[in-house]
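J.: Below is the structure I would like to discuss, written out as structure tokens.
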Amino acid sequence: MKAPVSWMRELADLPASAGVNDIAAAVAGVGFEVAGIEGDVIDFEITANRPDCLSVRGLAREAATAFAVQGPESRVQGLPAVARGAKVGPESEVPVTIESELCGRYALALADVTVGPSPAWLADRLTACGIRPINNVVDVTNYMLLEMGQPMHAFDVARLAGPEIRVRMARAGETLTTLDRQARTLDASMLVIADGARAVAIAGVMGGAASEVSAATTRIALESAWFQPATVRATSKRLGLKTEAAARFERGADLEAATAGLVCALDLLERIGAGHRVGRITDRFPSPGAARTITLLRAHLDRLLGDQVPDADVMRILTSLGFVVTPAHTDWHVRVPSWRVDVAREADLIEEVGRHWGVNRVPATFPALRTAPHRADAGVLRARRIRRLLCGAGLQEAVTFTFIEHVAAEPFAGGPASLVTIANPLSEKFAVLRPSMLPGLLDALSYNRRRDIADVRLFEAGSVFSMQGERQRVGWVLSGSRLVHWSQPAAEVDLFDALGVAELLADAFGVTCRFEPAADAPWCVPGRVASLFVDDGGASRRVGIVGQLLPSLTSARGLPAGVTVVAGELDLHELHGTDAALQRVTPLPRHPSVQRDLSILIDAGLPAAAVRGTIRASAPATLVDVREFDRYHGTGVPTDQVSLSLRLTFRDRDRTLTDVEVQQAVEAIIEALARTHGTTLRGN
């Protein structure tokens, strides 16, 4: 919302010393974000729950409260005298009929006009707020939209059939050419303003070209209404048509401002010599609601704010904001003004007092705990442990959107039929619910790589969705250099780094895992993808998948060619262990380890897991770790074999191992590999 400073100062009767920066600081200090200051215009970022501040009058009300302006000289509370004393009659020359409950109020007035350019001061104020001046009639409606937040529209009476106005639902397939000269097809869920023959405006969104005001217009029908917010929001979204009027109606306009805004607009037309009123105002108001009254208790105010605001300040703040306050012993009865659609309960009133009193003035004390806290949900504790574990392993947590675009989700889904689509997405970027944690993580990795962050290691735990329901998973993506000891040369991450993350998680959950080649992961490079299985009471179940992402997939998400990305994902519903396993602590070893490297020739189709199993079965208890660190296929290696290099780590808990003991263990391992798999040492 753009607000000219002089206009706001004029409405709020602020002191002349209140400059642009003072007003910006005062209003920003009570909860509004100042997006920028351009000359004598302040640009405010208004939250969706405050439609009353989508007007200069609403912002001036906040500024007046912030500056503690009191007394009858402040003009932001009520309406000009001409509005309060306006004559509203039962009918005008253009009859009005409301045929849908989606229209809560509709006011109409006729005026004879002389269409021409607006005065310079009016055109300048509109231009300062980012609205292009058109002619004096249209400019007056836009001026009132900005000042009061009440959208209005003018029809050329001569171009209305009947002439009459009917507020009805659109007919299926009905078409309307709007003021932007676009032909739009309507459906039966949309509310329209019609004359005796056709629709002439989309209610709350935009008028039609067939009845617009032109240089030849001599009499107008000026509309001011209130429409149900949800119907305006839905219509605007279906048509892809966002307007200043729709932005106000869909958040909740002031039900009482329909006639008041109309009278002010007619008065402004007369003041600038653009026209004069004809007859009385027609006001169709089927169901006037009772005023909302809320009791504000002193005890609740003190408890929620954590401080005691003086009675005089409570009265001043609420009254200045437009509330009608009646003291009741130590409490207050507060009537909510019609423009404050966001205030519905006592806590909302306490918030109003607190933000203008100043949260910074509330002492920093902890509230008293009267009950023991409930034990956190098992899923929350599990996610917390995962975060602590993976952050400790050098990964960083990412938080990505649950809604993603269809093209990003499809490679990771079991098929298009398994995707959960959003019926009314905000945009194509949020068209489906994520079927996997990896699409969002891949986009986050790409974002970082494009900003010259070469080493990216991200993870996220959250929900994924399919037509079968919701599941909890943890996913991770790795790219760049491997985390190694300073004494070792740098190397790029590969599949084994991603497998290491999976093993780390499985170990933390106290389960034994094994990997098998996977053939049902079309988003991974064939031969560089594995399924993770855990054994549970003799049964084996698949809990996740780890692999290297296809280059075509990574490049499609914006990664440069040649960048390797390895990733993994585990189903937390399946990966369940015991709390005792998660709390396990192992003391640091007291004696040094001894490492031996082996390079063996094995059959190209033999899984590395089978090799590790044979090694562990034939080795003594002093073998504490087996790691593959190289796989080679090329010159010097038979075509049906590969060279697999492994690092064996030996350690004894109670003493230092001798070279003889380690060599005997290595020879036993070599013999078992040759006997079981027909392997030979490379170079022999």
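The values are calculated or read from the model by the stated rules, or taken from the named source; none is laboratory data. Everything numeric in this text was worked out from a predicted model, so none of it was measured. As a convention, Cβ positions derive from the backbone with ideal geometry for all residues, glycine included, and neighbour counts pool all protein chains shown.
J.: Does any residue in segment 450-467 that is assigned by TED's automatic domain parsing to the domain that holds residue 398 and closer than 16 Å to residue 554 by Cβ come within less than 7 Å, Cβ to Cβ, of a residue that is hydrophobic (A, V, I, L, M, F, W, C) and in a loop (DSSP other than H, G, I, E, B) six or more places away or on a different chain, and which pairs are these?
T.: Every condition considered, the pairs that remain are 457/395; 458/395; 458/398.
J.: Are there strands (runs of 3 or more DSSP E) fully within segment 164-262 with at least 2 residues that are assigned by TED's automatic domain parsing to the domain that holds residue 112 and of a type in the set (D, E, K, R)? List them.
T.: Details: elements: 165-169, 175-177, 183-185, 191-194, 199-202, 219-227.
Correct list: 165-169, 219-227.
J.: Continuing with the same structure: Count, please, the residues in segment 465-484 that happen to be of a type outside the set (D, E, K, R), surrounded by fewer than 23 Cβ atoms within 10 Å (Cβ to Cβ) and either within 24 Å of the chain's Cα centre (by Cα) or not in a loop (DSSP other than H, G, I, E, B) (or both).
T.: Taking segment 465-484 first, the residues of a type outside the set (D, E, K, R) are 465-469, 472, 474-481, 483-484.
Remaining after also requiring surrounded by fewer than 23 Cβ atoms within 10 Å (Cβ to Cβ): 465-469, 472, 480-481, 483-484.
This time we only want the ones that are either within 24 Å of the chain's Cα centre (by Cα) or not in a loop (DSSP other than H, G, I, E, B) (or both), so: 465-467, 469, 472, 481.
Count: 6.
J.: Right, another one. Taking the conditions exactly as written (over 15 Å from residue 398 (Cβ atoms), loosely packed, with under 13 Cβ neighbours inside 10 Å and either out of contact with any Gly (no Cβ under 6 Å at 6 or more places or on another chain) or basic (Lys, Arg) (or both)), does residue 452 satisfy them or not? Steps first, please.
T.: Values: over 15 Å from residue 398 (Cβ atoms): yes; loosely packed, with under 13 Cβ neighbours inside 10 Å: yes; either out of contact with any Gly (no Cβ under 6 Å at 6 or more places or on another chain) or basic (Lys, Arg) (or both): yes.
Judged against the criteria, residue 452 is a match.
J.: If you don't mind, there's one more thing I want to ask. Only one of 157, 205 is touching a Lys or Arg at 6+ places or on another chain (Cβ under 7 Å), within 29 Å of residue 267 (Cα to Cα) and either crowded, with 19+ Cβ neighbours inside 10 Å or acidic (Asp, Glu) (or both); which? Working first, answer last.
T.: Working: 205 fails: touching a Lys or Arg at 6+ places or on another chain (Cβ under 7 Å).
One residue alone meets the criteria, 157.
J.: Quick one: in segment 231-243, of everything that is in contact (Cβ under 8 Å) with a residue 12 or more places away in the chain and surrounded by fewer than 16 Cβ atoms within 10 Å (Cβ to Cβ), which residue is nearest to residue 170 (Cα to Cα)?
T.: 238
J.: Can you find a residue in segment 654-663 that is among the basic types (Lys, Arg), under 17 Å from residue 627 (Cα atoms) and in the same structural domain as residue 606 (by TED's automatic domain parsing)? Before you say what the answer is, go through the steps one by one.
T.: First, pick out the residues of segment 654-663 that are among the basic types (Lys, Arg): 655.
From what is left, the residues that are under 17 Å from residue 627 (Cα atoms) are none.
Among the residues of segment 654-663, not one is among the basic types (Lys, Arg), under 17 Å from residue 627 (Cα atoms) and in the same structural domain as residue 606 (by TED's automatic domain parsing), which makes the answer no.
J.: If I go through segment 635-666 residue by residue, how many of them are of a type in the set (D, E, K, R) and in contact with a Lys or Arg (Cβ under 9 Å, 6 or more places away or on another chain)? Please lay out each step first, then the result.
T.: If we filter segment 635-666 for residues that are of a type in the set (D, E, K, R), which is where we start, we get 640, 647, 651-655, 659, 661.
The next check asks that each one be in contact with a Lys or Arg (Cβ under 9 Å, 6 or more places away or on another chain); those that pass are 647, 653-654.
Number satisfying all stated conditions: 3.
J.: I'd like to check something: does segment 650-663 contain any residue that is within 52 Å of the chain's Cα centre (by Cα), in contact (Cβ under 8 Å) with a residue 24 or more places away in the chain and within 25 Å of residue 534 (Cα to Cα)?
T.: no
J.: Looking at this structure, is residue 387 of a type in the set (D, E, K, R), outside any helix (DSSP H, G or I) and more than 29 Å from residue 237 (Cβ to Cβ)? Give the steps one after another, and end with the answer.
T.: On the way: of a type in the set (D, E, K, R): yes; outside any helix (DSSP H, G or I): no; more than 29 Å from residue 237 (Cβ to Cβ): yes.
No.
J.: How many residues, within segment 390-416, are at pLDDT 90 or above and part of a loop (DSSP other than H, G, I, E, B)?
T.: Residues meeting the conditions: 9.
J.: Could you list, in sequence order, the residues of segment 43-68 that are in a loop (DSSP other than H, G, I, E, B) and either buried (at least 24 other Cβ atoms within 10 Å of the Cβ) or touching a helix residue (DSSP H, G or I) at 6+ places or on another chain (Cβ under 9 Å) (or both)?
T.: First pass over segment 43-68, keeping only residues in a loop (DSSP other than H, G, I, E, B): 46-50, 54-55, 67-68.
If the condition is that a residue be in a loop (DSSP other than H, G, I, E, B) and either buried (at least 24 other Cβ atoms within 10 Å of the Cβ) or touching a helix residue (DSSP H, G or I) at 6+ places or on another chain (Cβ under 9 Å) (or both), then 46, 47, 50, 54, 55, 67, 68 are the ones that fit.
J.: Does at least one position in segment 193-202 carry a residue that is over 24 Å from residue 93 (Cβ atoms), in contact with a helix residue (DSSP H, G or I) (Cβ under 8 Å, 6 or more places away or on another chain) and of a type in the set (Val, Ile, Thr)?
T.: For segment 193-202, residues over 24 Å from residue 93 (Cβ atoms), in contact with a helix residue (DSSP H, G or I) (Cβ under 8 Å, 6 or more places away or on another chain) and of a type in the set (Val, Ile, Thr): present.
J.: Name the residues in segment 617-666 that are within 16 Å of residue 606 (Cα to Cα) and small (Gly, Ala, Ser), would you?
T.: Within segment 617-666, 643, 645 meet the criteria.
J.: Which condition from (1) surrounded by fewer than 24 Cβ atoms within 10 Å (Cβ to Cβ); (2) out of contact with any Pro (no Cβ under 8 Å at 6 or more places or on another chain); (3) within 21 Å of residue 99 (Cα to Cα) is the one that residue 196 breaks?
T.: Failing condition for residue 196: (2).
J.: Also, quick follow-up: Looking at (1) part of a loop (DSSP other than H, G, I, E, B); (2) surrounded by 18 or more Cβ atoms within 10 Å (Cβ to Cβ); (3) of a type in the set (A, V, I, L, M, F, W, C), can you tell me which one residue 369 breaks?
T.: Among (1) part of a loop (DSSP other than H, G, I, E, B); (2) surrounded by 18 or more Cβ atoms within 10 Å (Cβ to Cβ); (3) of a type in the set (A, V, I, L, M, F, W, C), the lone unmet condition for residue 369 is (2).
J.: Suppose the filter is touching a strand residue (DSSP E or B) at 6+ places or on another chain (Cβ under 9 Å) and in the same structural domain as residue 494 (by TED's automatic domain parsing); does residue 575 pass it?
T.: Numbers: touching a strand residue (DSSP E or B) at 6+ places or on another chain (Cβ under 9 Å): yes; in the same structural domain as residue 494 (by TED's automatic domain parsing): yes.
Yes; evaluated as a whole, the condition is true for this residue.
J.: Scan segment 421-464 for residues that are part of a loop (DSSP other than H, G, I, E, B) and under 15 Å from residue 565 (Cα atoms) and report the count. Let's see the steps before the verdict.
T.: Just the residues of segment 421-464 that are part of a loop (DSSP other than H, G, I, E, B), to begin with: 422-427, 431, 434-437, 450-455.
Applying the additional criterion that residues be under 15 Å from residue 565 (Cα atoms) yields 437, 450, 453-455.
Counting residues in segment 421-464 that are part of a loop (DSSP other than H, G, I, E, B) and under 15 Å from residue 565 (Cα atoms) gives 5.
J.: Is it the case that segment 336-359 has a residue that's free of Cβ contacts under 8 Å to residues at least 60 places away in the same chain, aromatic (Phe, Trp, Tyr) and under 27 Å from residue 55 (Cβ atoms)?
T.: yes
J.: Inside segment 158-174, can you point out the residues that are without any contact (Cβ under 8 Å) to a residue 60 or more places away in the chain and in contact with a helix residue (DSSP H, G or I) (Cβ under 6 Å, 6 or more places away or on another chain)?
T.: So in segment 158-174, the residues without any contact (Cβ under 8 Å) to a residue 60 or more places away in the chain come out as 159, 161, 170-174.
Scanning segment 158-174 gives a single hit, 159.
J.: Looking for whichever is free of Cβ contacts under 8 Å to residues at least 40 places away in the same chain, within 16 Å of residue 163 (Cα to Cα) and over 31 Å from the mean Cα position of the chain (by Cα) here; the options are 209, 197. Which one fits?
T.: Numbers: 209 fails: within 16 Å of residue 163 (Cα to Cα).
The unique qualifying residue is 197.
J.: Another question, then. Kindly check whether there is at least one residue in segment 112-127 that is farther than 20 Å from residue 249 by Cβ, out of contact with any Asp or Glu (no Cβ under 6 Å at 6 or more places or on another chain), among the charged types (D, E, K, R) and without any contact (Cβ under 8 Å) to a residue 40 or more places away in the chain.
T.: Within segment 112-127, one or more residues are farther than 20 Å from residue 249 by Cβ, out of contact with any Asp or Glu (no Cβ under 6 Å at 6 or more places or on another chain), among the charged types (D, E, K, R) and without any contact (Cβ under 8 Å) to a residue 40 or more places away in the chain.
J.: State yes or no: is residue 502 of a type in the set (A, V, I, L, M), within 20 Å of residue 646 (Cβ to Cβ), assigned to a helix (DSSP H, G or I) and assigned by TED's automatic domain parsing to the domain that holds residue 569?
T.: On the way: of a type in the set (A, V, I, L, M): yes; within 20 Å of residue 646 (Cβ to Cβ): yes; assigned to a helix (DSSP H, G or I): yes; assigned by TED's automatic domain parsing to the domain that holds residue 569: yes.
Against the criterion (of a type in the set (A, V, I, L, M), within 20 Å of residue 646 (Cβ to Cβ), assigned to a helix (DSSP H, G or I) and assigned by TED's automatic domain parsing to the domain that holds residue 569), residue 502 qualifies.
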